Amino acid sequence: MTRTQLRAVRRAIALLELDRRRFAWSLVAGVLGLGSAVGLAACAAWLIARAAEMPPVLELTVAAVAVRAFGVSRALMRYLERLASHDLALRGMGRLREVIYDRLAGGDVAVLARLRRGDLLARTGEDVDDIGEVIVRAVLPMLVTFVVGVGTVVLVAWLHLGIGLALAAALLLAGVLGPWLALRGAALDEQAVVEGRARLTEIAVDVVDHGAQLRVSGLLPRIRRRLAEVETTLAKARDGAARPTALAAAVDNLALGLALLSAIVIGAPALGAGTLSGVELAVVVLTPLAAFEGTSQLGPAAVQWARSAAAAERVMALLDAADAPAVQPGSTGGDRRSAQLSARELAVGWPGHPVVATGIELDLHPGRSIAMVGASGVGKTTLLATLAGLIPPRGGRLELDGDPLGDLPRPQLSAHVALTGEDAHVFATTVLENLRVARGDISEEEAVRLLRRAGLREWLASLPHGVHTELGADATTISGGQRRRLLFARALASPAPLLLIDEPGEHLDAASADALITDLLSAARAEGRGVIIATHRLAPLAAADEVMLLTATATGIARVAARGPHVELLHNSEYRWALEHEAALTGSQEGHHGARSLVHHPL
């Protein structure tokens, strides 16, 4: 294991913020559990050997009761140790995930842009689990084995020093050599397991999210073959990771045999010389059987350490790359009277990819609405992500209230600008909690008002439990239109004075999409908010103060081809053609009316 991995493990354990009292109780319970096993073996050996000498029955009473007590306490303390250690680890994993989410949310978004969704899921899921399990499966077993092993050696050495030293040597062999071999052999294999597991998660997420598209395109069989190949590779890596554990178990059994043999070889002459009684010989021979119960866990503990080190290295690399600034206190919402978002000669593009649009000029302030239109792939979503501060500009200037957007801490930026993406998630919880994603203090009455303003009055009335009705994962239990309007209500719930909304009418029929966009523009203006909408629909844009038409140039980089109010853009041939084409496809009377009015306004 490298020093980098050791540092990563120490840093990850520190982020778990383990409660010292819970950790101490877990250790004490573990020591008492394994110590009870040693005490049970020692008392049982003494009782059997002493009973063979047929002493008065009363001399055996205490030992008999002790055997029962150790038998009960062994199981009880093991249960309590498992309960305490798992509670400790689960609490730590929860805190670590909270740290990761906070750091990623406030850090460099380019880090997330470079990660596949499955890889991110693996790092925040199974990798965090592996880091938490290092406490349960590695640290605590090592400490418990050390404490009980020292106690056992002291007990045996008290009866016979030579046998105690032999037991100590055997325990060192099992507790050091075996885990070392396991750790050395498992490091590379466990790294392969972690990487293969992340790759498996990536492919599985792609299949779950895009199964229908992959089936239609004929790519699903190829993805399944790739999935089978990854599973085969992962199975081989897991088999390789299991070999060191088997080797450690073999070393443990060898050490146990040596300890027993040494006890007999050394104890038999001592028994003949009278320096060791028969009862004591039975105790020193049988007691090590329980002592090695702890060392048998050290091989798997070493493998778990290697697994956790690989996971910690990946998680710490993710956090270091995010380079998140310290969270600074901010208000729950921006000042709607002063928020001003300005772009000058702005160029946008995702990190690591070419620029997709340039020369963007706009001013957004509360009470103003802007609609961005253009063909798919022209860069509307990328522009919204840049305006929201999720990705850095590729050129030009982008400022909020005169300050460069990149210089503002995430809490302050989020208090002023809110982005609702086309694929914004609807969580598998109640309607109320889905609205509280935007603002955590929304009351039930306010949620009802927001849903009614979003055009969901009838839907809300039909819900069996009102705003407390549970929704399916990602809105699978509601229609597309209801999902969009729910996201509309969430956008209105945001305290931010500037709203950026991507394709609010996507996947809706023309009439529903037009009504939703009109409602959104009207509601935002009535509330004194600034709003930018990226959309394909042109018919409802008369409600916007300004429309920006993005068109790809010969170089493939989009620019603003035309801008102005909807009525003025009817004089633009490209905009007019798009509106006529939209009207022809949807049969929109509003679109036909707009197209006919151009007869009186020649270019």
Any chance P221 is assigned by TED's automatic domain parsing to the domain that holds I131, at pLDDT 75 or above and surrounded by 17 or more Cβ atoms within 10 Å (Cβ to Cβ): no
Flag if L161 is in the same structural domain as A291 (by TED's automatic domain parsing), surrounded by fewer than 22 Cβ atoms within 10 Å (Cβ to Cβ) and modelled with pLDDT under 85: no
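Taking the conditions exactly as written (without any contact (Cβ under 8 Å) to a residue 40 or more places away in the chain and part of a helix (DSSP H, G or I)), does L47 satisfy them or not?
So L47 fits the description; yes.
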Sole exception among (1) surrounded by 18 or more Cβ atoms within 10 Å (Cβ to Cβ); (2) modelled with pLDDT under 90; (3) small (G, A, S); (4) assigned to a helix (DSSP H, G or I) for A438, by number: (4)
Single residue of L286, L364, L341 found to be in contact with a His (Cβ under 8 Å, 6 or more places away or on another chain) and either of a type in the set (A, V, I, L, M, F, W, C) or modelled with pLDDT of 85 or more (or both): L341
Test: residue in region 16-32 that is surrounded by 18 or more Cβ atoms within 10 Å (Cβ to Cβ), at pLDDT 90 or above and more than 30 Å from G94 (Cα to Cα): no
Single residue of region 386-431 satisfying the filter (within 26 Å of the chain's Cα centre (by Cα) and part of a strand (DSSP E or B)) that is nearest to A513 (Cα to Cα): T420
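Somewhere in region 548-559, is a residue of a type in the set (K, R), touching a residue at least 40 places away in the same chain (Cβ under 8 Å) and touching a helix residue (DSSP H, G or I) at 6+ places or on another chain (Cβ under 6 Å)?
The first filter runs over region 548-559 and keeps only residues of a type in the set (K, R), leaving 559.
Checking which are touching a residue at least 40 places away in the same chain (Cβ under 8 Å) leaves us with 559.
Then drop every residue that is not touching a helix residue (DSSP H, G or I) at 6+ places or on another chain (Cβ under 6 Å), which leaves none.
No, region 548-559 has no match at all.
Can you pull out every residue in region 8-28 that is in contact (Cβ under 8 Å) with a residue 40 or more places away in the chain and assigned to a helix (DSSP H, G or I)?
Of region 8-28, the ones in contact (Cβ under 8 Å) with a residue 40 or more places away in the chain are 8-9, 11-13, 15-19, 22-23, 25-27.
Correct list: A8, V9, R11, A12, I13, L15, L16, R22, F23, W25, S26, L27.
Condition check: at pLDDT below 90 and either basic (K, R) or under 30 Å from I100 (Cβ atoms) (or both). Does E53 satisfy that?
no
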Subset of region 449-490 that is over 28 Å from the mean Cα position of the chain (by Cα) and touching a residue at least 40 places away in the same chain (Cβ under 8 Å) - its residue that is surrounded by the most Cβ atoms within 10 Å (Cβ to Cβ): A454
Qualifying residues in region 385-422 (those that are charged (D, E, K, R) and touching a strand residue (DSSP E or B) at 6+ places or on another chain (Cβ under 6 Å)) - the one farthest from A105 (Cα to Cα): R397
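Take the residues of region 527-544 that are surrounded by fewer than 22 Cβ atoms within 10 Å (Cβ to Cβ) and over 17 Å from N572 (Cβ atoms): which is farthest from the chain's Cα centre (by Cα)? Spell out how you get there, then give the answer.
First, pick out the residues of region 527-544 that are surrounded by fewer than 22 Cβ atoms within 10 Å (Cβ to Cβ): 527-528, 536, 542-543.
Still in the list and also over 17 Å from N572 (Cβ atoms): 527-528, 543.
Working: E527: 36, G528: 37, A543: 41 Å.
The residue in question is A543.
So if I check each of A41, A45, A75, A89, which one is assigned by TED's automatic domain parsing to the domain that holds L15, surrounded by 15 or more Cβ atoms within 10 Å (Cβ to Cβ) and out of contact with any Ser or Thr (no Cβ under 8 Å at 6 or more places or on another chain)?
A89
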Of all residues making up region 562-576, the number that are crowded, with 17+ Cβ neighbours inside 10 Å and either modelled with pLDDT of 85 or more or assigned to a helix (DSSP H, G or I) (or both): 7
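The values are calculated or read from the model by the stated rules, or taken from the named source; none is laboratory data. The structure displayed is predicted, hence computed values, not measured ones. Heads up, the Cβs are rebuilt from the backbone with ideal geometry, glycines too, and the neighbour counts pull from every protein chain shown.
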